[in-house]
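Report on the structure given below.
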Number of protein chains: 2
Amino acid sequence: MTKIAAIIGGGVIGGGWAARFLLNGWDVRVFDPDPDVARNIRELLDNARHALPSLSDRVMPAEGDLSFHSTIADAVKEAAYIQESVPERLDMKHATFAAIHAAAEPEAVIGSSTSGFKPSELARGAENASQIMVCHPFNPVYLLPLVEVVPGPDTNDAALKHAFTVLKAIGMKPVKIRREIEAHVADRLLEAVWREALWLIRDDVATTEEIDDIIRHGFGLRWAQMGLFETYRIAGGEAGMAPFIKQFGPALQRPWSKLTDVPELDDALIQKIADQSDAQSGMYSIRELERIRDTNLVMILRGLKAQNWGAGALLNNIDSSAKEAEGLPELSGLVRTLHRTVPLDWLDYNGHMTESRYLHAFGDATDRFMEIIGCDAAYIASGGSYFTAETHIRHLDETHAGAEIYVDTQMLKGEGKKMHLFHRMHHADGRLLATGEHFLLHVSLKTRQSCPPAPHIEAKLREIAANHAALPIPEGAGRAITKP
Amino acid sequence: MTKIAAIIGGGVIGGGWAARFLLNGWDVRVFDPDPDVARNIRELLDNARHALPSLSDRVMPAEGDLSFHSTIADAVKEAAYIQESVPERLDMKHATFAAIHAAAEPEAVIGSSTSGFKPSELARGAENASQIMVCHPFNPVYLLPLVEVVPGPDTNDAALKHAFTVLKAIGMKPVKIRREIEAHVADRLLEAVWREALWLIRDDVATTEEIDDIIRHGFGLRWAQMGLFETYRIAGGEAGMAPFIKQFGPALQRPWSKLTDVPELDDALIQKIADQSDAQSGMYSIRELERIRDTNLVMILRGLKAQNWGAGALLNNIDSSAKEAEGLPELSGLVRTLHRTVPLDWLDYNGHMTESRYLHAFGDATDRFMEIIGCDAAYIASGGSYFTAETHIRHLDETHAGAEIYVDTQMLKGEGKKMHLFHRMHHADGRLLATGEHFLLHVSLKTRQSCPPAPHIEAKLREIAANHAALPIPEGAGRAITKP
């Protein structure tokens, strides 16, 4: 599969797609007659570069090439994946598909970002309906993993499978919708909330800020990690889901909501919302709000990653696959035990990598070294591990979020229950950022006492010791902080 | 104000209130005729003790006393705050209020956890309607900050003010609803989503798991940090809120959702939901799901705390107020620079405090020491700060989540641009967990070069140096990891 994506329509959504493909190593070819398209996509790319690498605990692939094209034909030829994000007008969508079909490869996926139309509507009259499906993403497309994938009656299974492969490869969570309906699933739910929220504003029950505060201090926190049904399952408790659901019956019949009517969205209501929104968020520019939102999303997603749950489990799976594909490092010289970018949650108030994250990186490097010598998750589960007894760090240079760093590890000693490691942390530009010297003891996790490791580990330690015997003792090893 | 809360009704919601009050140092008196109430509240307390302390970067107050009472009168007398969480039947609510009024203090707040009734309905026929208001919380009450506070027409302003004071004191975010309506605000929004979700399940558009995945990989992540309107403000971009809102007009008129109908919640639909939910989450017990949810919420909230945004900003404000109330520590002997519990995001895969968080705690202790000597946020903003050049840590003992730890700091040298600190980290039980020795240099943040600190800092360093001269050099200071 050629890693070439065509982006037809380069607004907030199309530009978000472009940024996600580019940062995942795809070449991106954009068509959009808007003279502002290049500026818009550059700004979205800046945002994506700021936030997306923080979702990985590895280094992202090299960015692909971005090019702008003056015809749809020129943009889509050779593309393995084509994403249409033109305005929500069916005639425009149909004209766009016709132009795409005139030049696209017959096995390319044609995904539509439409939030409202059904795939059967989109494919009406199309030259090759088997390629067309809805691939509906969520803003910011470069950070939020969800894509609702809705095949139409004529969409072919190979195209659907191909779409899933591509979307997963760029870090997304495609969810296949079982039956096409207008607005798919998420926007149905959002539309319901939106309609109700308009009534609340119109009737002065709450302001935009109060509604937002109610969401983000309440059910919004639940929904970032479980959804509607898993949350209710807990609320139902040991009695189970069925009796819990049953009790909602009467409530549904109560005239609680005004959902049966649509409030008139007249100029007065529109102005009221705009004024309340200014009072709530007017102190920030849209660009500032985007950065705040993106960093918040990174913090939330990294929290879920540490829990290996929901969208965080998805991110861990992506890291694991990349790690597996990479295999074990060379052991003949220094061992490459870490290679990653500095994520947004590793910064201090000055925007530099904070003190404790140097040890975090060295700790990860030690974990990786342990894994390499056979002290892996299975061995630890069987009751043996290494504990760090002593650490000496020299902070030699500063680094920032997004910086590519790596750690090379020298084993100064690895014999019996003792292991003595010396890590050097470099910036990708070659600067030595810090050294970490660590003395570890092999322990039994049952007795919490030190003891020799298993024979397969001792053998590996001997192999590395023989290789590393020729390396000079590093500058700074065995050093103490000057005696007071 | 006496710190006594009466909890009338001790189910999931009442028990959640009880746990939140207790862990914030209030005495809690519970009335509930259910013979299982004590077990239920103990289980909720276990959950709360597991998660709530992780939201603070300080030590929580000592837990209050929990007692169970056989009459409402006995539970509510002397209470400053009374929370009613009995089943959602208006006759039961009225009988409960009558019993409360017979014994309660006239200035006590009477909050109702009702999700559906309006305060005017609750207060109908009450002896003292001025005390009664809706204080509607969200499950899990011990973690989620939101309380919808809805005063009725007869609620008195002093009672409302008192309620806000109490709710803020136990870490909550009270939002006053401007006009009473059935189901207040959050449940109106939730009800709208729920109704739509039932259609999606009934019509086989998506399963419970697919809907949950769509929420937590998509808009749920947005809603944990901004709400509906701030998110749309960003989507609207520089053009502004009003034109963006306007474009929703036609969409609202489209027959996208089935909101105008209520699906029949018959046995077949109930069973379908229950079966899908089993397939999705049946591998976990309810207790396990609660723990997973709570730890997820802690991770998300701590991420937002690092960003000082939304519910995270609320938590930071609580920490700051407590810190301000505490004032500066004694400087005559060792300086107490840290006192906190070990939060859930500081653990390794074995459930112990992970290596790098020792340095995190020592780094926080160093920051606090800097603040004490006058190198505070204002000074740093003016362009001076200390950078750590070298660190030596000895890991001496293990600790777990929820453990109370403190750090005492000895200044070995503080002269000119040099500062040499020795931190001892103890468990509250007295065990020495680790020592951290740090060599720092005062720097100009403009030139990134070392330079002497401001005179007020030098003076403070001389004062502490004079006090600490009499202290013995600590065991382990100036020590190196054995030369290989």
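Take the conditions under 28 Å from A:ALA469 (Cβ atoms) and touching a His at 6+ places or on another chain (Cβ under 7 Å) and apply them to A:GLY416. Does it pass?
Details: under 28 Å from A:ALA469 (Cβ atoms): yes; touching a His at 6+ places or on another chain (Cβ under 7 Å): no.
Judged against the criteria, A:GLY416 is not a match.
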Exercise. Here are some conditions: (1) part of a helix (DSSP H, G or I); (2) surrounded by fewer than 22 Cβ atoms within 10 Å (Cβ to Cβ). B:LEU304 meets all but one. Which one does it not meet?
Worked result: (2)
Problem set entry | Selected residue (criterion: nearest to the other protein chains (Cβ to nearest Cβ)) from residues of segment B:437-466 that are of a type in the set (A, V, I, L, M) and part of a helix (DSSP H, G or I) | B:ALA465
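For (1) assigned by TED's automatic domain parsing to the domain that holds B:THR399; (2) of a type outside the set (Lys, Arg); (3) within 18 Å of B:GLY402 (Cβ to Cβ), each residue gets a yes or a no:
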| site | (1), (2), (3) |
| --- | --- |
| B:LEU314 | no, yes, no |
| B:SER320 | no, yes, no |
| B:SER332 | yes, yes, no |
| B:ARG336 | yes, no, no |
| B:ARG340 | yes, no, yes |
| B:TRP346 | yes, yes, yes |
| B:ASN350 | yes, yes, yes |
| B:THR354 | yes, yes, yes |
Exercise. Is it the case that segment B:285-298 has a residue that's under 17 Å from A:GLY227 (Cβ atoms), within 14 Å of another protein chain (Cβ to nearest Cβ), surrounded by fewer than 19 Cβ atoms within 10 Å (Cβ to Cβ) and hydroxyl-bearing (Ser, Thr, Tyr)?
Worked result: no
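Got at least one residue in segment B:333-343 being assigned to a helix (DSSP H, G or I), in contact with a helix residue (DSSP H, G or I) (Cβ under 6 Å, 6 or more places away or on another chain) and at pLDDT 95 or above? Even if it seems obvious, please write down each step before you answer.
Going residue by residue through segment B:333-343, those that are assigned to a helix (DSSP H, G or I) are none.
No, that holds for no residue.
Here's the yes/no breakdown for (1) touching a Leu at 6+ places or on another chain (Cβ under 8 Å); (2) at pLDDT 95 or above; (3) surrounded by fewer than 24 Cβ atoms within 10 Å (Cβ to Cβ); (4) under 22 Å from B:ARG188 (Cβ atoms):
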site	(1), (2), (3), (4)
B:ALA51	yes, no, no, no
B:GLY64	yes, yes, yes, no
B:ALA103	no, yes, yes, no
B:VAL109	no, yes, no, no
B:MET133	yes, yes, no, yes
B:THR155	no, yes, no, yes
Exercise. Quick check: is even one residue across segment A:334-355 within 12 Å of another protein chain (Cβ to nearest Cβ), crowded, with 20+ Cβ neighbours inside 10 Å and more than 24 Å from the chain's Cα centre (by Cα)?
Worked result: yes
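Residue under question is B:ALA103, and the condition is that it be more than 26 Å from A:GLY218 (Cα to Cα), small (Gly, Ala, Ser) and in a helix (DSSP H, G or I); does it hold?
Working: more than 26 Å from A:GLY218 (Cα to Cα): yes; small (Gly, Ala, Ser): yes; in a helix (DSSP H, G or I): no.
So B:ALA103 does not fit the description; no.
Could you tell me whether B:PHE138 is touching a residue at least 24 places away in the same chain (Cβ under 8 Å) and among the hydrophobic types (A, V, I, L, M, F, W, C)? Write out each step before concluding.
Numbers: touching a residue at least 24 places away in the same chain (Cβ under 8 Å): yes; among the hydrophobic types (A, V, I, L, M, F, W, C): yes.
Judged against the criteria, B:PHE138 is a match.
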Exercise. Which ones in segment B:356-371 are among the charged types (D, E, K, R) and either within 8 Å of chain A (Cβ to nearest Cβ) or touching a His at 6+ places or on another chain (Cβ under 7 Å) (or both)?
Worked result: B:ARG357
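If you check B:LYS173 against the conditions, is it touching a strand residue (DSSP E or B) at 6+ places or on another chain (Cβ under 7 Å) and of a type in the set (Lys, Arg)?
It is true that B:LYS173 is touching a strand residue (DSSP E or B) at 6+ places or on another chain (Cβ under 7 Å) and of a type in the set (Lys, Arg).
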Exercise. Out of B:ALA377, B:ALA434, which single residue is within 30 Å of A:PHE439 (Cα to Cα), of a type in the set (Gly, Ala, Ser) and within 13 Å of chain A (Cβ to nearest Cβ)?
Worked result: B:ALA434
For this session: Please determine, by comparing only the residues of segment A:184-223 that are out of contact with any strand residue (DSSP E or B) (no Cβ under 9 Å at 6 or more places or on another chain) and in a loop (DSSP other than H, G, I, E, B), which one is nearest to A:PRO137 (Cα to Cα).
Result: A:THR207
Exercise. Which of (1) of a type outside the set (S, T, N, Q); (2) away from chain B (no Cβ under 13 Å); (3) free of Cβ contacts under 8 Å to residues at least 40 places away in the same chain does A:ALA469 not meet, given it meets every other one?
Worked result: (2)
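Here's the yes/no breakdown for (1) in contact with a Phe, Trp or Tyr (Cβ under 6 Å, 6 or more places away or on another chain); (2) within 22 Å of A:TRP346 (Cα to Cα); (3) at pLDDT below 95:
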site	(1), (2), (3)
B:LEU289	no, no, yes
B:VAL298	no, yes, yes
B:GLY351	no, yes, yes
B:TYR358	no, yes, no
B:PHE362	no, yes, no
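Check B:ALA183, B:ALA206 and return the single one that is within 11 Å of chain A (Cβ to nearest Cβ), under 24 Å from A:MET172 (Cβ atoms) and of a type in the set (A, V, I, L, M, F, W, C). Can you show your working first?
Numbers: B:ALA183 fails: under 24 Å from A:MET172 (Cβ atoms).
When all the criteria are applied, what remains is B:ALA206.
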For this session: All but one of (1) more than 22 Å from the chain's Cα centre (by Cα); (2) of a type in the set (Val, Ile, Thr); (3) buried (at least 24 other Cβ atoms within 10 Å of the Cβ) hold for B:VAL185, so report the exception by its number.
Result: (1)
Problem set entry | Selection within segment B:255-281 - more than 7 Å from chain A (Cβ to nearest Cβ) and either surrounded by fewer than 13 Cβ atoms within 10 Å (Cβ to Cβ) or at pLDDT below 80 (or both) | B:PRO255, B:LYS258, B:ASP261, B:PRO263, B:GLU264, B:ASP266, B:ASP267, B:ALA268, B:LEU269, B:LYS272, B:ALA279
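The values are calculated or read from the model by the stated rules, or taken from the named source; none is laboratory data. Model, not experiment: these values are computed from the prediction. All Cβ positions, glycine included, derive from the backbone under ideal geometry; neighbour counts span all protein chains shown.
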